[in-house]
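> Here it is: the structure, laid out below.
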2 protein chains.
Amino acid sequence: MKQYVVGVDVGGTNIKLGVVNPAGKVLVRTSFATKPFASHHSHLITALAREIEASIITAGLHRRQIAGIGIGLPGLVDYEKGVVRFLPNIPGWRNVHLKSILEKKIKLPVFVDNDVKIITLAEFKFGAGRGARNFVCLTLGTGVGAGLILNGQLYRGEDNAAGELGHMPLNEHGPKCNCGGEGCFETYVGNRSLFALASQIMKKPGMTTQDMFALAKKGNKKALLFWKTAAQRIGNGLVGIVNLLNPHLIIIGGGVSNNERFLFKTIAQTIRRRAMSLQGKAFKIKRAQFKDDAGIIGAYVLVTNAQR
Amino acid sequence: MKQYVVGVDVGGTNIKLGVVNPAGKVLVRTSFATKPFASHHSHLITALAREIEASIITAGLHRRQIAGIGIGLPGLVDYEKGVVRFLPNIPGWRNVHLKSILEKKIKLPVFVDNDVKIITLAEFKFGAGRGARNFVCLTLGTGVGAGLILNGQLYRGEDNAAGELGHMPLNEHGPKCNCGGEGCFETYVGNRSLFALASQIMKKPGMTTQDMFALAKKGNKKALLFWKTAAQRIGNGLVGIVNLLNPHLIIIGGGVSNNERFLFKTIAQTIRRRAMSLQGKAFKIKRAQFKDDAGIIGAYVLVTNAQR
């Protein structure tokens with residue numbers, strides 16, 4: 001029975017890889033640094049093929065038990081064609097036909113997708129979004145993105161580029177964004193902006209959200225103010241999507257979501273205060289259930305959905 | 001064969017009613033003022049039953065040829081249960097079980113929905129959205145709303161309240177909105193705001209968008225500036241949804257969309273300048289194909305979709 005999947009989560013720093021069983025459990029996992037392979041995609045693909053083969057053996061499985069390989073990448077991926085269009089943080093990856101190249105090497109079905117979409121599938125099938133028909137899965141980090149489950153399925157948009165919540169403007173005129181826009185949500189709540197806010201509030205350069213979390217736990221008033229401000233910004237950025245998409249669930253993941261107790265209540269209050277009464281009444285905020293394994297587990301859902 | 005539908009479009013001013021054939025053509029139409037019936041929903045329902053019966057006869061049809069009645073209303077409608085929850089501009093309509101009451105009177109299947117959603121269905125099946133898998137159908141008027149076709153189907157959200165594009169904030173701090181929010185898109189591009197802008201630019205009270213259209217056609221520079229400003233506001237408000245939902249099509253309807261030649265080019269330019277490069281590249285703006293008949297034609301789609 002082909003019922004296992006090898007999931008691969010390609011990040012800017014590390015590549016994580018694991019074998020997933022039908023219950024969404026990761027049986028074996030391995031990881032290696034992205035950098036040595038980053039500039040030449042063919043090196044990375046060769047390494048992936050080797051590690052995939054190795055992980056199947058380590059898991060005590062045979063190739064015939066593998067339904068396929070699912071790969072998430074941080075950037076623009078053509079899911080239908082299996083082509084990696086562009087990865088902002090990994091050079092050397094433009095229009096790479098990852099699916100067909102790797103399938104030739106490994107003789108197993110390969111599916112590729114954007115990493116945030118894959119994380120969203122993990123939460124939908126096995127995590128905080130189980131049973132929900134409509135939800136937004138927000139990831140907060142250096143970049144800010146989202147996956148959308150609408151009418152019970154992943155919404156991809158026309159170019160598989162839907163979900164760019166980080167690039168919905170929060171203001172008509174605001175900080176310039178890398179995307180070419182202005183006043184984007186990410187320029188207010190991305191890590192760079194939150195680190196700058198932390199340093200400004202603490203009047204000390206180099207402050208991080210981790211620092212602010214540690215200080216807040218000790219009751220530091222400035223750190224608590226920092227989290228309140230961050231949460232208000234996040235809430236303001238979610239009002240529009242709550243009114244537009246009328247979900248009852250927003251799942252928040254990414255590093256900053258670890259600080260749930262300093263964030264979620266204020267985010268919810270901000271949304272309730274500003275959103276339309278019906279839309280603002282019924283929704284819940286939940287923390288993403290999966291952290292490091294999300295991309296690997298989601299790859300299982302990607303592969304099995306594609307083969308249904 | 002049950003292949004005709006009676007469509008009813010309940011507006012704050014008039015109620016329009018027509019018999020629609022399977023090609024989406026309106027065979028007979030009638031309309032009457034809403035006001036005499038507005039305060040007592042039972043009066044309106046009695047009038048509807050009478051007019052529906054009359055229109056079937058006028059169309060030369062028999063009841064057995066009618067698949068059902070579709071009714072659009074301007075407000076919050078529980079599509080599943082057939083209950084009108086609340087109509088901001090028509091008093092006396094709170095939690096009215098319109099579907100079951102009217103079905104008892106008229107002995108034909110009745111389906112009710114929010115009017116913007118029904119207009120969107122008309123454009124999807126017979127109009128500017130034919131063949132599109134994902135699009136946003138924006139209606140500009142006193143209120144600003146939208147219908148969303150996503151993954152080839154109408155997206156309703158959890159409470160059938162999705163599509164409130166008019167209440168996505170354009171700025172964190174901005175004009176107070178009737179919805180309880182602040183800086184909502186509608187406070188910038190709703191008729192009230194555009195009329196105020198017109199009066200301000202012309203330095204003359206009581207100016208309307210119709211006035212500005214007439215002046216712009218004559219080449220009046222202030223009127224052209226008015227339309228440019230309005231178009232930039234509309235474009236700014238659409239950037240977020242273009243990045244979030246990655247549609248290739250935005251359909252614009254409502255009174256203001258009649259001024260297509262002074263609006264659409266600047267709207268498109270504004271979106272292209274501010275949206276992410278991929279999302280901003282491929283989309284098109286089209287004018288809604290149906291005007292007065294949109295609600296009646298969409299009712300046909302509502303009824304036949306429900307019975308598929």
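None of the figures in this text is laboratory data; all of them are computed from the coordinates on show. What you are looking at is a predicted structure, and each value in this text was computed from that prediction instead of being measured. So basically every Cβ, Gly included, is an ideal-geometry build from the backbone, and we count neighbours across all protein chains shown.
> Can you tell me what share of the DSSP beta bridges in the range B:131-287 is antiparallel? A percent to the nearest 5 is fine.
The antiparallel fraction comes to roughly 55 percent.
> Same structure, new question: Suppose we take every Cα in chain B and form the convex hull; what volume per residue is that in Å³?
137
> Right, another one. To make sure I understand, if each residue's beta carbon is the centre and we count other beta carbons within 10 Å, what order do B:T229, B:T304 fall in, fewest to most?
If I rank by nearby Cβ atoms, fewest first, I get B:T229, B:T304.
> Explain nothing, just the number: relative contact order of the range A:131-287, from Cα pairs under 8 Å at least 6 residues apart, as a whole percent.
Result for the range A:131-287 is 22 percent.
> Pop a pseudo-label 7 angstrom from the Cα along the beta-carbon direction at both A:Q65 and B:K105 and give the gap in nm to one decimal.
So the two model labels end up 6.6 nm from each other.
> Restrict the search to the range B:82-141; then list the chymotrypsin sites (Phe, Trp or Tyr not before Pro) that DSSP places in a loop and that have at most 11 other Cβ atoms within 10 Å of their Cβ.
Those that pass, being in a loop and sparsely packed, number zero.
> Can you pull the three principal axis extents for the Cα set of the protein assembly as shown, in Å, largest first?
76, 60, 48
> Using a Förster distance of 22 Å, how high is the FRET efficiency between A:K204 and A:K228, based on the Cβ-Cβ distance and rounded to 0.05?
For R0 = 22 Å, the calculated efficiency reads 0.70.
> Measuring label to label, 7 Å along Cα→Cβ, what does B:L224 give against each other copy in nm, shortest first?
Result, one decimal in nm: 5.9.
> So for the range A:87-188, averaging the separation of alpha carbon pairs under 8 Å that are six or more residues apart and normalising by length, what relative contact order in percent results?
Relative contact order for the range A:87-188 comes out at 15 percent.
> Sticking with this one: For chain B, what does the helix formula give at 222 nm: sum of -39500 (n - 2.57) over DSSP H segments with n ≥ 4, over the residue count, nearest 500 deg cm²/dmol?
-13000 deg cm²/dmol
> Right, next: Ordered shortest first, which distances in nm separate the 7 Å Cα→C-beta label point of A:K281 from those of the other copies?
The projected label point of A:K281 is separated from its counterparts by 4.5 nm.
> Filter the GluC sites (Glu not before Pro) in the range A:47-115 to those in DSSP coil with at most 12 other Cβ atoms within 10 Å of their Cβ, and list the result.
A:E80
> So, one more: D for the range B:57-112, whole µm²/s, Stokes-Einstein with Kirkwood Rh over alpha-carbon pairs at 37 °C and 0.692 mPa s: what number?
269
> R0 = 30 Å: FRET efficiency of B:K291 with B:A54, Cβ-based, nearest 0.05?
Rounded to the nearest 0.05, the efficiency is 0.80.
> List the distances, in nm to one decimal, from the label point of A:G92 to the label points of the same position in every other copy, shortest first, placing each label point 7 Å from Cα along the Cα-to-Cβ direction.
Inter-copy label distances (nm, one decimal, shortest first): 7.4.
> Which value, in debye to the nearest 20, describes the size of the charge dipole of the range A:131-287 about its Cα centre when Lys and Arg Cβ atoms bear +1, Asp and Glu Cβ atoms bear -1, and nothing else is charged?
1000
> How do B:D292, A:D115 line up, fewest other C-beta atoms within 10 Å first?
The most exposed by this proxy come first: B:D292, A:D115.
> If I require 18 Å or longer along the helix axis, counting alpha carbons, and a Kyte-Doolittle average no lower than 0.5, what helices from chain B are left? Use full DSSP H segments.
Result, helices passing both filters: B:41-58, B:221-245, B:294-307.
> At a Cα cut-off below 18 Å, give the aspartates and glutamates reachable from B:K217, other chains included and same-chain residues fewer than 8 away excluded.
Leaving aside aspartates and glutamates fewer than 8 places away in the same chain, those within reach of B:K217 are B:E260.
> How far is it, in nm, from the label point at A:N21 to the one at A:A196 when both lie 7 Å from their Cα along the line to the Cβ?
Computed distance between label sites A:N21 and A:A196 equals 4.8 nm.
> Hey, another quick one. If you average the sequence gap of Cα pairs under 8 Å that are 6 or more apart and divide by the length of chain B, what percent do you get for the contact order?
For chain B, the relative contact order is 19 percent.
> Taking R0 as 45 Å, what's the FRET efficiency between A:N220 and A:N89 from their Cβ-Cβ distance, rounded to 0.05?
0.85
> Where both partners of a DSSP beta bridge lie in chain B, what percent of those bridges are antiparallel, to the nearest 5?
Roughly 60 percent of the DSSP beta bridges within chain B come out antiparallel.
> In this model, which of A:K176/A:K228; B:K16/B:K228; A:K117/A:K265; B:K25/B:K104 are farther than 31 Å apart at the alpha-carbon?
Correct reply: B:K16/B:K228.
> Binning at 10 Å from 0, report for the range A:131-287 what percent of all alpha-carbon pair distances ends up in each bin.
Calculated over all Cα pairs of the range A:131-287, the distribution is 11, 40, 36, 12, 1 percent.
> Net charge near A:N258: determine it from the other residues with C-beta under 9 Å of the C-beta of A:N258, scoring Lys and Arg +1 and Asp and Glu -1.
Result for the neighbourhood of A:N258: +1.
> So, in Å, what gap is there between the alpha-carbon centers of the range B:231-247 and the range A:65-100?
For the range B:231-247 versus the range A:65-100, the Cα centre distance is 28 Å.
> Distance in nm between label sites at B:T46 and B:H97, each 7 Å beyond Cα in the beta-carbon direction?
2.0
> If we count other beta carbons within 10 Å of each Cβ, what is the order of B:V84, A:V239, fewest first?
Listing B:V84, A:V239 from fewest to most nearby Cβ atoms yields B:V84, A:V239.
> Restricting the count to DSSP beta bridges whose residues both fall in the protein assembly as shown, what percent are antiparallel, rounded to a multiple of 5?
60
> First select every other residue whose beta carbon is under 14 angstrom from the beta carbon of B:R272; then total the charges, Lys and Arg +1, Asp and Glu -1.
Cβ neighbours under 14 Å give a net charge of +4.
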